[in-house]
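S.K.: Structure below; questions to follow.
Just so it is clear, none of the values below were taken in a lab; they were calculated from the coordinates. The shown structure was predicted, so the numbers you read here are calculated from the model rather than taken from an experiment. FYI the Cβ positions are ideal-geometry reconstructions off the backbone, even for glycines, and counts take in every protein chain you see.
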Amino acid sequence: MGEDADRGGVSSVGVAACIQRPGSYSFLFCGPWRLVQPCRQSTGPRATMPGKLKARIVAGRHLPVMDRASDLTDAFVEVKFGNTTFKTDVYHKSLNPQWNSEWFKFEVDDEDLQDEPLQITVLDHDTYSANDAIGKVYIDIDPLLSNEAAASLSGWFPIYDTIHGIRGEINVMVKVDLFNDLNRFRQSSCGVKFFCTTSIPKCYKAVTIHGFVEELVVNEDPEYQWIDRIRTPRASNEARQRLISLMSGELQRKIGLKVLEMGGNAVVGYLQCFDLEGESGLVVRAIGTACTLDKLSNAATSFLPPCSSPSKDLKEVPFSEDPNPVTHSSGPSTPLKNQTYSFSPSKSYSRQSSSSDTDLSLTPKTGMGSGSGGKDGGPLKALYRQQTQSAFEHREFPFFTLTTFPPGFLVHVGGVVSARSVKLLDRIHNPDEPETRDAWWAEIRQEIKSHGKALGCHAVVGYSESTSICEEVCILSASGTAAVLNPKMLQDCSMEGCSEHRLSRQPSFFSTGSEKGEFDFFLQCQDSASLLGLDDASSLGCSFCHIPYDELNMPFPAHLTYCYVCRKQKVPDVLFTTIEPPLEAAITGKGCLIQARLCRQKKKTQGEANATAISNLLPFMEYELHTQLMNKLKLRGMNALFGLRIQIAVGENMLMGLASATGLYVTALPAPGGIQVAGKTPSDSSYDQHIANIQKKINDLIVKNREIYEINPPEILDELLGSPIPETRQRSRLFRSHSESSDDVPELDLSHGKKDAFVLEIDDTDAVEDIQSLLTDASTPSGFYSCNTEVMPGINNWTSDLQMFTSVRVFRLNNVTSLTSQGLNKTFSDVCENLLKTLYFKLRSMVPCCLCHVNFNVALPEDELIQVAVTAVALTFDKDQTPYIKVGTDKTLSRASAENEEQLQFTLELCMESQATQSTALFSPAKAADISESGHLQAVSPAIQTVASLDKASPLAEAHARHRSPISCATSTVTVVEMTPLSFIPGAKIIKYLGIINMFFIRETTSLREEGGVSGFLHAFIAEVFAMVRAHVAALGGNAVVSYIMKQCVFMENPNKNQAQCLINVSGDAVNFVKESDVEYASTQAQGSGLQAGNGSGDIVA
Amino acid sequence: MAVELDVFVGNTTLIDEDVYQLWLDGYSAGDAVAIRIKRGILEQTGASPDVLESDTMDHYRTFQMLERLLHSPPKLINQLLFQTPPSMQSMLIEKYYTFDEPFVREVLGKKLSKGTKKDLDDVSAKTGITLKSCRRQFDNFKRVFKVVEEMKGPLVENIQQNFLLSDQLAGDYAAVVFFANNRFETGKRKLQYLTFEDFALCAEQLIQNWTLGAVDSNVDDMDVDLDREFLQDLKDLKVLITDKDLLDQHKSLVCTALRGKVSIFNEMETNFKNLSRALINIAAKLIHTKDVRDLFIDLVEKYIEPCKSDHWTSSDVGAFLTQYTNAARALDAFKHQALWERYMCTVKSCILKMYHD
């Protein structure tokens, strides 16, 4: 390995190899009663009956035939909440029963409302034998408990059976009447809003961001209880689904209580996960960021001055950096950012306790982070640091699960911090006190915190946690981005308000291709900056790149230069982060998805030996993944990674690592050097020739990539910026000359003497193959871009076409043991590349398009199986229009949506209006043809959505539709619901958040072949999950799910027994949106008629 | 390394119309991949064969899951499992129910029974349409037939409402149902030259004029069964050929009207009595179910072929039939004007459609 090979942004990878001794197995069966009444604290006085839940069963349709003789079904419905059950009458001999039941009323306390789902079971009445279950619907009541959201839901829900899948649909109405009780000791946290979105939701402004909240609950897994041996798979699956539903309800309630304690009213970036620990139990854990959110009701509130709390004003320091940079000779030695661990694994990884590790890293670095602030000559900076530190002192973990921040919030970014720990699972002895698991996570978080401090940062943003479990071994991982935040914004941030001005010129930062454009850009920025009286660095969009740590006492060897934008502060040469590119960031060209993939074999062992083996492997894997990322980044001519996510999956005889991130060229950072290939020292001429060939290939590729991604960094206008730095100017010249003539390869060939050359040594066959794989990574086909962040900087003119998809593949490796580690790597890499190629092929009709938020999940479900699941969204964009023309809409299109208009009042008119347009469209086939011709098959007109939502409450709509002419029959009762992993919908405005969707499903089959094999089975199941998510959203009155994520997809098969089982866990935020074109239309309409409609949810029939 | 499982599921169901057509045509997934490769998709897209195979398999699975819903199109429109834009839903339904001309010509007028279904491999061998596709088309016929067979109201509308087809396709299905119900013979060698379109127009005419629905719009099976009473009455038309005076009078009226207007006047004059007898005998026999089945073969043998052999053009035929029908009105002794009109208008339209130059 070259001396330079270890630099980069992954600042710290501490592996706390704390091995829990397998505890005594004196486990007491608690019996199945726990399933009915799961762990719950019963302390404190409880409010009696603070709420009334009402449910009505209207009708069913498309029911399965349950009586072979008549080809019909005698269906009835049981409605259960808590321990109360109601039944409808039996509707005889129909596949489309009309029950039209009364309102069933449940008097319940609000704690139950939060924990319990409403359980609806559809059965077939049988006079002589037991009634057969057709299927169930679980409805989460929680979204109805927030005072802002709809108080009722109504719609068609798929009737789901864990063995047969969806079996018809049922029309249900649910209402909640909450009595306003002021019981202070209550156990519930009704009214706390939850968002999966990892930014401040669009129609809110953050008043305060309180910080990190976490909680976990544990239980036995019903699948592993003794009773499971005697009950049917269906009963077992349903017990599991119900338990998890209860546990997540409980978890959410507990987190809500913590938020209330902190004085917040919402959780943003809520991430809930299940750990299926098998024999040792089931863990449901969640993290999030507690906030106080204010609904943006009109323009006035959003323009409030940012500092509304006078007490804080006094303490505030100017939001600026040291204005007098000390001219500084940056050490030519080893450049930037190293891991804090050394590369001798025996030293740092085989330690049996993590505490010593933590101490080690804490001691030298805390002092450096704050105390040495004075040394670099900027007293303001020091003062600033002290301020920020005091703001964070009271926080146990200054972590934020957010990935996007209002401009000004994020001051500096240090780098990625991550920590992993290998644990041996044992039985959870007392589910009511899940201390062991709590302690494990506390340990890791402590580690992260100390790593952050080592980077001179007081906070960790873009924070996430994950696990990988194989048998009794569990790897816990946490990662985030060390950052310095603006304390003022933390305390009282009327964020949306203060962001307005800056955002208005944000789009001009993107796509700075030509030198001319670049010139304008600088002028414009300086102008506006001075106009606004803002600090240069913050307005230029480079401040987040400036190092937060002390350059004279760096936590790791790094190579610093002066910022390429402001020329005043020091920046590293590469930056790795787990967050979205900041809104204000100046970015050159476009980015791309970069993945590092790695497989490592390990011996099949048990217990501690196994855990130790894994612990020993981890640092090597982290290191190699990091090297791969670095190589690939340089190969693309880029200098920063965003959205970095490193997943380590553990299997019986293998470990797999997959790192995904979006590579970008951040204008403020120096241009990356080339990659230098160095051969072994005693060499002959043919070998030299070989090396030269490889070198040429690499150089050609870099040149090509710079063209593809439009990376033409600006010529630095030193005269304009002042303070020329000879060293960097020389480099920019070099760079320019190469971009002018791409043939001029030697110019790029940075010789040994240049410090920014990245040297790859080919000293063994491994390295040769590494380089080969580097070069063979297929490039994205033309017309496509891909990234794992929300959107691709440089593309602003999104159209409204979007296609969310999930793709799952399972591969069987033949003779794993016979494969070399390189062969294994190649196989895994091919798997991922092929999957991406298939996606590009399938989505070719959407070109030009960008795959956004590409989220890979790898797992090793069995000995020789690799499972890769991808969820992403394809967004189309308009190639012809330049971003400058569309500046006005870009602002709202991209992440920076500012919700300050009054438009949400006009929903009602909009519905009416669009219904009219819809029907005209339907009755004129010519028009319909036009639509399909112009290639908008994917596009779903908003009119359809709103019409459907008007119809859907009435089961009569179906019959109604039948009597129209055939084409108009296409007006179905089904609401079109968009799903997207992004927090926004291009070309649309989110007008209301309707609650969090968090669903867990199990599907099992004992007739795998008949259902089309494993692919047929899983294909149907994923489609069913989508359908159930859509139905719930539609019932809440929504038309989209944003921040959608498939958190788990556990697939198990036994083809010999013709069986398979799959568990899927998804979540997201249900929202209601209107297309931007409609908003404008509706608002002009409404103004013209002078109507005032206060009802925002006109489509809900209460 | 072997792929064990490979799925792609979009929130909006991805449908490739070309692959859908291949599936409808009854090709296996493997054949479909081969055909797609042959069409040059790999060159166009730069994809590799395994990518294409994976894509094709995904589509095939989707279509298999959709097929259950396509059997009842209103279900497809209201189901929750596959989110598809309305235009795509219409396309799926329309294409699923579209049938092949060679196929329908084999099956038209046959009883839609298990026996016929068993013979589909012969149909497949003869037409070159895959057996799978033949089965789908046959099952579609049977399904539509079963649903609308005993329904009140206009046939075409019933089909449209229950299967959400376009006007054109619903009309074609009405013809298929009508022919199957009345078991019209269409397969004889002499009828081979007729296209499905010819028969579909005849069916439309027959449904409009000869069924119960033509006189009473509120009866069961109104568009599917012929009006027995009407067929019974048709024997009264015999007077036109049995009464010698009427026959001569009729002939002279037609001849006067057509003199100098048709090229085959002489042949017409000599053959008038034969032609008139042929048309009226066909009418008189329709009381027997067996003869109803032979309606088209009779029209061809008794009327179209004699005209053909005398080299009548279709405008000659048109002119003759118009005058032949109109002239009967001037016959004072002929009392069955309404019956005559109802019979002749339909027969005229059918013959004109069936008379290919």
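S.K.: In sequence order, what are the phi-derived ³J(HN,Hα) couplings for segment A:653-668 according to the Karplus relation 6.51 cos²θ - 1.76 cosθ + 1.60 with θ = phi - 60°, rounded to whole Hz, with x for glycine and proline?
M.R.: 10, 8, 10, 10, x, 9, 10, 10, 7, 9, x, 9, 9, 7, 4, 6
S.K.: Related question: How far, in nm, would the chain grow between B:Ser113 and B:Asp248 when pulled straight, counting 0.36 nm per residue and subtracting the alpha carbon separation?
M.R.: Length gained, B:Ser113 through B:Asp248: 43.8 nm.
S.K.: Counting only other residues whose beta carbon sits under 10 Å from that of B:Leu231, what net charge do I get with K and R as +1, D and E as -1?
M.R.: -1
S.K.: Charges only on Cβ, +1 for Lys and Arg, -1 for Asp and Glu: so what's the dipole of segment A:556-705 about the Cα centre, in debye to the nearest 20?
M.R.: Magnitude of the dipole: close to 200 debye.
S.K.: Obtain the nm distance between the two label points defined at A:Glu707 and B:Arg277 by a simple spin-label model: each point lies 7 Å from its Cα along the Cα-to-C-beta direction.
M.R.: My value for the distance between the label points is 8.8 nm.
S.K.: Note down the magnitude of the dipole of segment B:218-267 about its Cα centre, charges +1 on Lys and Arg C-beta and -1 on Asp and Glu C-beta and zero elsewhere, to the nearest 20 debye.
M.R.: On the way: 7 positive and 12 negative charges, 137 e Å.
Using Cβ point charges on Lys, Arg, Asp and Glu, segment B:218-267 gives about 660 debye.
S.K.: Compute the longest continuous run of chain B that contains no exposed trypsin sites (Lys or Arg not before Pro); treat a site as exposed when its DSSP state is not H, G, I, E or B and it has at most 15 other Cβ atoms within 10 Å.
M.R.: B:262-334
S.K.: Another question, if that's okay. If I take R0 = 35 Å and measure r between the Cβ atoms of A:Ser94 and B:Asp18 in this structure, what FRET efficiency does the formula 1/(1 + (r/R0)^6) give, to the nearest 0.05?
M.R.: 0.30
S.K.: Go through segment A:191-198 residue by residue and turn each phi into a ³J(HN,Hα) via Karplus (6.51, -1.76, 1.60, θ = phi - 60°); whole Hz please, and just put x for glycine and proline.
M.R.: Per-residue couplings from phi come out as x, 6, 8, 10, 10, 7, 3, 9 Hz.
S.K.: What are the ³J(HN,Hα) values, in whole Hz, obtained from phi via the Karplus relation 6.51 cos²θ - 1.76 cosθ + 1.60 with θ = phi - 60°, for each residue of segment B:229-236 in sequence order, with x given for Gly and Pro?
M.R.: Values, residue by residue: 4, 4, 4, 4, 5, 4, 5, 4 Hz.
S.K.: With the crude spin-label approximation of a point 7 Å out along Cα→Cβ, what separation in nm comes out for A:Asp700 versus A:Asp126?
M.R.: It works out to 7.1 nm between the two label points.
S.K.: Past the 20 Å Cα-Cα mark, which pairs from A:Lys175/B:Lys75; A:Lys105/A:Lys193; B:Lys235/B:Lys273; B:Lys75/B:Lys117; B:Lys302/B:Lys353; A:Lys80/A:Lys193?
M.R.: Too far apart for the 20 Å limit: A:Lys175/B:Lys75; A:Lys105/A:Lys193; B:Lys75/B:Lys117; A:Lys80/A:Lys193.
S.K.: Give the relative contact order (percent, whole number) for chain B; include only Cα pairs under 8 Å separated by 6+ residues.
M.R.: 15 percent
S.K.: Say we join alpha carbon atoms closer than 10 Å with springs in a Gaussian network model of chain B; which of B:Tyr303, B:Tyr193, B:Tyr20 then has the biggest fluctuation?
M.R.: Highest fluctuation of the listed residues: B:Tyr193.
S.K.: If you don't mind, there's one more thing I want to ask. Which cross-chain or sequence-distant (5 or more) residues have an amide H under 5 Å from the amide H of A:Ile159, H modelled 1.01 Å from N in plane?
M.R.: Counting only residues 5 or more places away or on other chains, the set is A:Arg167, A:Gly168, A:Glu169, A:Ile170.
S.K.: So if we plug the beta-carbon distance of B:Lys238 and B:Arg39 into 1/(1 + (r/R0)^6) with R0 = 56 Å, what FRET efficiency do we get, rounded to 0.05? Display every interim value, and only then the final one.
M.R.: Working: r = 61 Å, r/R0 = 1.09.
The formula returns an efficiency of 0.35 here.
S.K.: I've got another one for you. Which distance in nm do the two modelled labels at B:Asp50 and A:Asp863 give, with both placed 7 Å along the Cα-to-Cβ direction?
M.R.: 2.3 nm
S.K.: Quick check on my link table: of A:Lys879/A:Lys992; A:Lys1057/B:Lys114; A:Lys205/A:Lys989; A:Lys704/A:Lys879; B:Lys190/B:Lys285, which ones sit more than 25 Å apart, alpha carbon to alpha carbon?
M.R.: Details: A:Lys879/A:Lys992 31 Å; A:Lys1057/B:Lys114 36 Å; A:Lys205/A:Lys989 15 Å; A:Lys704/A:Lys879 21 Å; B:Lys190/B:Lys285 20 Å.
Result: A:Lys879/A:Lys992; A:Lys1057/B:Lys114 exceed 25 Å.
S.K.: Right, another one. Under the definition of Cα pairs under 8 Å and six or more residues apart, what whole-number percent is the relative contact order of segment A:58-176?
M.R.: 25 percent
S.K.: Looking only at other chains, what is the average number of their beta-carbon atoms within 10 angstrom of each beta-carbon in A:801-809? The partial results should precede the final answer.
M.R.: Values: counts 1, 2, 5, 4, 6, 5, 7, 5, 7.
Whole-number average of other-chain Cβ neighbours for A:801-809 is 5.
S.K.: Can you list residues whose amide H is under 5 Å from A:Tyr785's amide H, if they're 5+ apart or on another chain and H is modeled 1.01 Å from N?
M.R.: The answer is A:Cys849, A:Cys850, A:Leu851.
S.K.: Suppose R0 equals 35 Å; then what is the FRET efficiency for B:Glu67 and B:Lys190 from their Cβ-Cβ distance, rounded to the nearest 0.05? Provide the component values of the computation, followed by the final result.
M.R.: Working: r = 38 Å, r/R0 = 1.09.
Computed FRET efficiency for B:Glu67 and B:Lys190 comes out at 0.35.
S.K.: Would you list B:Ile207, B:Ile282 from fewest to most Cβ contacts within 10 Å?
M.R.: Neighbour counts put them in this order, fewest first: B:Ile282, B:Ile207.
S.K.: For segment B:1-78 and segment A:848-874, what is the separation of their C-alpha centers, rounded to whole Å?
M.R.: 21 Å
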